[in-house]
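These notes concern the structure reproduced below.
The values are calculated or read from the model by the stated rules, or taken from the named source; none is laboratory data. Here the structure is a predicted model, which means the values were calculated and not measured. Using ideal geometry, Cβ is built from the backbone for each residue, glycine included, and neighbour counts are taken over all protein chains shown. For accessibility, only protein heavy atoms count, side chains too; no ligands or nucleic acids. Shrake-Rupley method; radii C 1.70, N 1.55, O 1.52, S 1.80 Å.
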Amino acid sequence: MKKWMNAFSRLGLFPKLFLVMFVSIILVSVLILWTSIHMSTKLFTETFSITNSKVLSQIKTNFESFNDAIAAVSNNVSQSGAIRGYLSEGEGDSLTMAKSYYNMRETMDRIQSITESYEVGITISGINGRTYSTDRSHLRLSADELKEQPITLEAAASPNRIIFDDYQTNDETAQQMISATKALTDRAENRLYGTLYVTMRENAFRQFYSSFTSRGNDVVILNDAGEIVSSNREEWIGTTQLELLTYAREMNNESVKGVNARVMDQDSVVLSEYLPFYRFYIVNVVDKDLAMGQLIDMKTIALICAAIVAGALILVFLITNQITKSLRRLVKQMSNITKSDLDNYIPVSGSYESRQLGHAYNYMLDELHDYVDQLVLTQREQRNAELAALQSQINPHFLYNTLASVKVLVQQGNKDRAAETINALISLLQNTISNVSETITVEQEVENLKNYVFINHVRYGGRIKAAFYVAPDCTHYHVPKLVIQPFIENAFFHGFISKETGTIHVMVSRAGESLICEIMDNGDGIEGFSMGESLPNPKNNRQLFSGIGIRNVHDRIELLYGAPYGVTIMSKPGEGTRVTVTLPLITSFE
């Protein structure tokens, strides 16, 4: 995110305005489209639930009418003496049996007319082994086989009820069938004399709801085990959908009109009605994607939105480009100043705002001319005064103590040591006072440092060692005079107060286009420099600013070369101090 923000901040005014407008238009369009679709979907779901609830009620009415017809068949069969006699009497002479069969047949033909609007088969089976069926293709079983069927046993266990169930035919077609079974009992003698079977093919069973289905609007008939008994979707028939059964039961128990659920691998609206006499659930499964696709033409809406967004973006581009054109022209002219000088005045043109900016900029150039002239003069005088001040800042006590040490060496008869000390002092004074150049080579600076360290060893002994490491490719580079000596001086006099001995390391190397001078000691360290920092406030660290002065070094480097260069200090109490002086690569006297 930060990377994108940085890239955005570097863009010009026109790209920024256009990008903001582009994102705003896209976001607003997407939000409006999403809100419209969401509200339409919600309204569709609510409206569809209400409408399809009425449809389910109509389907339920159709099933109730069919149940009434079956109940009428059951009553007529139960009340028929001819049928009861045919199913319960024993074997007799052929005339009696023929007469019994004829009377039963006449009665069955009359009863069959009750269900003439339905494609059903009516089968009766008696305890005497006799059977009769109006359509043998529905139930091709013998009397003995029928007795062992689960539907027969269940009907016998509940003789006062019509038992609805499903099964498959045992022929090569293996058709799905729906059956209504009723045990036939003689109430006078309280005995079971037969069983009534009313059967219907599953494809005929669909007549009760098929007119109410459409693509994406499906109806499922579930039994109590969660098995799909019938559906307009043939591939679903015979499968078990326990999740769908759970939704159906919840809606029946809680009187919920409909729920949103994912069933059969599709996001759907599910509605249900329970048929207690069938022990079936009528479940309406509406595919939301297909239904919404029929209600809302997403492709057309997307194309319209895309056309509106494209038109808006073209209009925004033209307007934004026209508004920012004069400003971009002005910025381009102003940027050319860095390639020339302060005499590159800008022609005043464009809009009112651009003209005002042009006048203000040209006026600023006039003011800058005067200011730069004064600044150049002041800076030249300041640099000369800085060098003079630095050259006069050799600590008088340093000279006094050095000469006193030489006197002691002479008195002790150590003339060679005294001579070396005087030579080192002379060389040091020549480079700091006599040499008026602002810069000296790294080699000369290191030589000065060695003389300074030698003199301190003569004065105070060799408890503090000094080591110098200069990269061979850095000896010819120039550095400002007295740029390292102040840090050696502070290390000598303030870095080893608690510790008796230690070492000061001076390293000079090149890093890219910078010269890095590092002064490290393993002395007492300084509070407040746990991380690399620029120089501290001298009021809070007075011990760091004796002699020529560290603050003077840092300020002088910034004055000469700019903010990227200067002095940083990193120190940890008890472990030592590391001073890094960063300078540009200078190869000649300046």
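If you go through the range 451-488 and keep only what is charged (D, E, K, R), over 20 Å from Leu403 (Cβ atoms) and not in a strand (DSSP E or B), you end up with Arg463, Asp473, Lys481.
Restricting the range 199-234 to residues that are over 25 Å from Ile122 (Cβ atoms) and in contact with an Asp or Glu (Cβ under 7 Å, 6 or more places away or on another chain), the residue that is most open to solvent (accessible area, probe 1.4 Å) is Arg233. Taking the numbered list (1) at pLDDT 80 or above; (2) under 30 Å from Leu17 (Cα atoms); (3) not aliphatic (A, V, I, L, M) in turn, Arg328 passes all entries but (1). The listed residues are Ser100, Ser74, and the only one of them that is open to solvent by less than 20 Å² (accessible area, probe 1.4 Å) and either modelled with pLDDT under 85 or more than 29 Å from Tyr209 (Cα to Cα) (or both) turns out to be Ser100.
Pairing each residue of the range 215-230 that is more than 17 Å from Asn252 (Cβ to Cβ) and assigned to a loop (DSSP other than H, G, I, E, B) with any residue that is open to solvent by 10 Å² or more (accessible area, probe 1.4 Å) and acidic (Asp, Glu), provided the two are 6+ apart or on different chains, yields C-beta distances under 6 Å for Gly216/Asp287.
It is to be established whether one or more residues within the range 258-273 are open to solvent by 40 Å² or more (accessible area, probe 1.4 Å), assigned to a strand (DSSP E or B), under 23 Å from Ala204 (Cβ atoms) and out of contact with any Ser or Thr (no Cβ under 9 Å at 6 or more places or on another chain). Taking every residue of the range 258-273 in turn, none turns out to be open to solvent by 40 Å² or more (accessible area, probe 1.4 Å), assigned to a strand (DSSP E or B), under 23 Å from Ala204 (Cβ atoms) and out of contact with any Ser or Thr (no Cβ under 9 Å at 6 or more places or on another chain). Against the conditions (1) within 21 Å of Ile59 (Cα to Cα); (2) at pLDDT below 85, Tyr209 satisfies every one except (2). Of the residues making up the range 407-417, not a single one is open to solvent by less than 50 Å² (accessible area, probe 1.4 Å), part of a helix (DSSP H, G or I) and closer than 14 Å to Ile519 by Cα. Pairs linking a residue in the range 354-378 that is open to solvent by 80 Å² or more (accessible area, probe 1.4 Å) to a residue that is not in a helix (DSSP H, G or I), with Cβ atoms under 8 Å and 6 or more positions apart or on different chains, are Arg355/Val348; Arg355/Ser349; His359/Val348.
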